[in-house]
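Q: Below you'll find the structure I mean.
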Amino acid sequence: MKIRTQFYLLIAGIIIIPFLIGGVFFLLQKRNEVQVQPVPGYEDIVRATGKPINREAWEEISAFLSRRPPWADFIITDAEQRIVFSTLFYFRPGMILSDGMLTDYIRENSHHYLFQIDAPTRLSDDGLLVITQISRERKRPPNPFERIVQYVAIILLTLLVFSITMSIIIANSITKSVLVLEETTRRIAAGELDLQVQARGSNEITSLTSSLNRMRLALKEEEIRRARFIMGVSHDLKTPLALIKGYAEAIGDGITDDPTSRNRSIEIILSKVEQLEGMINELIDFVRMDTNEWQHHLSEVPLVPFLQTFCNRVMGDAELLHRQVTFSIELPPAIQVKMNEALITRALENLVNNALRYTSPGGLVHISAILTHSDTEEQDRSPHEVSTGNRNPKQSTLRFRNQRVKFSEFQEQKKEQPSRILIQVTDNGIGIDEEDLPRIFDLFYRGTNSRREAGMGIGLAVVKSILDSHGWTISVHSQKNKGSVFTIFIPLSADSLVY
C-alpha cells in the first residue's frame, strides 16, 4: 500500500472514529432505554377492575407516578389488597397481594432492589397504596457530565490505539523499504551490478526500485562499455605498436643493413606513428565534445551553400574510391541553421565515409536534403530504396515515403505549423545486420561487418554526440545486402527561415 494512502487512512480514521463511537453509544442507549408503561386513565382502570374508584384519588395516583424514574416498577393495590395495576410480570392485576406474599417477595429480592410503600392520596378511605421497586444499581439518576466524560475517554482511547497501530504499520513499511534499498545500493556500490533489486510492498519508496534497477543496468552497461573500450583501444593500438617494435628491432639487429630496406622500415614506422597519433586525437576530440565548450561558437550558417560545398568535395573523394556520389538539395536558398560548421562537417564526413567504405566499387551513395511537415515518428519511416541495377547517377531511382514540400508550397504553409529539415545519406552497400542496429551509435561498438575494417568504433558515436548536442536527432534503417539510410532530423520553426 502506498505511504500516501496509509496516511489518508490514518486521517480518515481520526475523523470517522468519533462518529462511529457516537453512533454505537446512541444505539446502546436506545437499546437500554426503559420503555415506560403508561398509567391507564380513570375510565380504563374502572373498566379493567369493574369496581368504582374515586376519580380524584386516581388522578393523584397518576400525578404521583408521573414523577417516578423511568426504570422504576410499581404495584397499585386497593383497600382489599387486590392489585389494581402492576408493571411487574409476576404480579398481575386482580391478584390478592397478602401481607405474607409481599413480605416474602421483599425479603427474597431486597439485595437487588429497593422497595417503598406510599399512600399518595389525601383521602383516607380509598385504601390505594403504591409499592415501588427500584434497582439498587440505578437508584440514582445518571449524571450527564459523567456520560460525556466516559464518551470522550473512550474516543480518545480508541484514537490512541488506532493512531499507534497505524503509525507502527507506516513506520514498518517505510523502514523495511528503506532497509531493502540501503542494502541493495550498498551491494551495488560494492560492484554487484548483476544484483536484481527486489521490491517489497508497493509504496512510493519501493517504487524507486525500478529507477534503481535502471541505474544498475546503466552502470552495468557502462562497465561493459569501459571494458569494450579497453579491449578496443588495446587491440587497435597493439597492431601498429607491434609493427613499430618489429621494424625497430630489425633496424637495431642489423637485419635491414641496406639503405633501401632501412628507409622502407623507417617509413612504415612513421606511418604507424601517424596512425597512432590519429587514434589518440580521435579519442581526445570525442572526450572534448562532452564538455560542450564548443557550443559557445554556434552561428547561423546558410545551409544550402554548406551542403553543396560538402557534396561537391565528397564526390571527388568517391571517384578515387571508384564509387559514385549524387545529391539533391530541395531547400529554400536562403535558409539558415544555427550550428558549429566544423563539427557538422565532421559528422557528415563520418556518415559518408562509412557509406563509401561499406559500398562495393561502382556503388552509389546519395545525399539529400528536404523540408517536411510530417509528424510521423522516426521509427515509422520506411527506408529509402536504392536501385542497384543502374550505375548511372542521373538514372538512379530513389523513393521517399516522407512528404516532400516544394519551396512555393512551403511559403504558403510556413505559418501554419513548424517544419523540420531531413538530411539523408543513402547507400546501396552491404547493409547492417539487424542485431547490430540498436547499438551502432554506442561508443567503441563495432558491428559484424565493421570488424573486418580498421577503426575503433568511434565514428558513429561521434556523429550522434554532435547531433545530440545541437538538439538534432538521427535514425538509421537498413536491409542486409540492400543498403542503409541515415536520416538527420533538424527541428526548424517557420520564424527561423530567411528568404
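Throughout, read-outs are computed from the coordinates displayed, never taken from laboratory work. Being a predicted model, the structure only gives us computed values, none of them experimental. When we count neighbours, we look across all protein chains shown, and the Cβ atoms used for this are built from the backbone with ideal geometry, even at glycine.
Q: Per 0.36 nm of contour for each residue apart, how much would the distance between V152 and L320 grow if the chain were fully extended, relative to their Cα-Cα spacing? Walk me through the intermediate numbers first.
A: Numbers: separation 168, 0.36 × 168 = 60.48 nm, distance 9.77 nm.
Taking V152 through L320 to full extension adds about 50.7 nm, to one decimal.
Q: So who's got an amide H within less than 5 Å of the one on F85, skipping anything under 5 residues away but keeping other chains? H placed 1.01 Å off N, in plane.
A: Placed amide hydrogens put I76 under 5 Å from F85.
Q: With Cβ to Cβ distances under 13 Å as the rule, what net charge do the other residues near E221 carry (K, R +1; D, E -1)? Could the numbers behind the result be given before it?
A: Working: positive: R214, R216, K220, R225, R226, R228, R439; negative: D194, E222, E223, D442.
That works out to +3.
Q: Just want the ordering: W71, W58, W472, from fewest to most Cβ atoms lying within 10 Å of their own Cβ.
A: Numbers: W71 16, W58 23, W472 20.
Ascending number of Cβ neighbours within 10 Å: W71, W472, W58.
Q: Same structure, new question: Quick check: net charge around L102, other residues with Cβ under 15 Å of its Cβ, Lys/Arg +1 and Asp/Glu -1? List each step's numbers first, then the result.
A: Details: positive: R82, R92, R107; negative: D73, D78, E80, D99, D104, E108, D118.
Summing Lys/Arg as +1 and Asp/Glu as -1 gives -4.
Q: Return the ratio Rg/(2.2 N^0.38 Å) for the stretch 42-138, where Rg is computed over Cα atoms only.
A: Numbers: Rg = 13.2 Å, N = 97, 2.2 N^0.38 = 12.5 Å.
My calculation over the Cα atoms of the stretch 42-138 gives 1.06.
Q: Sticking with this one: Which ordering of H322, H366, H111, H477 is given by a fewest-first count of other beta-carbon atoms within 10 Å?
A: Numbers: H322 12, H366 23, H111 7, H477 19.
Ordered from fewest to most neighbouring Cβ atoms within 10 Å, H322, H366, H111, H477 come out as H111, H322, H477, H366.
Q: Please go through the residue pairs K272/K464; K220/K464; K220/K338 and name each one whose alpha carbons sit more than 30 Å apart in this structure.
A: K220/K338
Q: Another question, if that's okay. Relative contact order of the stretch 42-138: what whole-number percent is it, with Cα pairs under 8 angstrom and at least 6 residues apart? Write out the running numbers ahead of the final one.
A: Numbers: 130 pairs, mean separation 28.8, N = 97.
Over the stretch 42-138, the number comes to 30 percent.
Q: Oh, and also: Taking the stretch 30-111, which trypsin sites (Lys or Arg not before Pro) meet the DSSP loop condition and have no more than 13 other C-beta atoms within 10 Å?
A: Working: sites: K30, R31, R47, R55, R67, R82, R107; in loops: R67.
Hits after loop and neighbour filter: R67.
Q: Counting only residues 5 or more places away or on other chains, whose amide H sits under 5 Å from the amide H of G363 once H atoms are built in the peptide plane?
A: Q324
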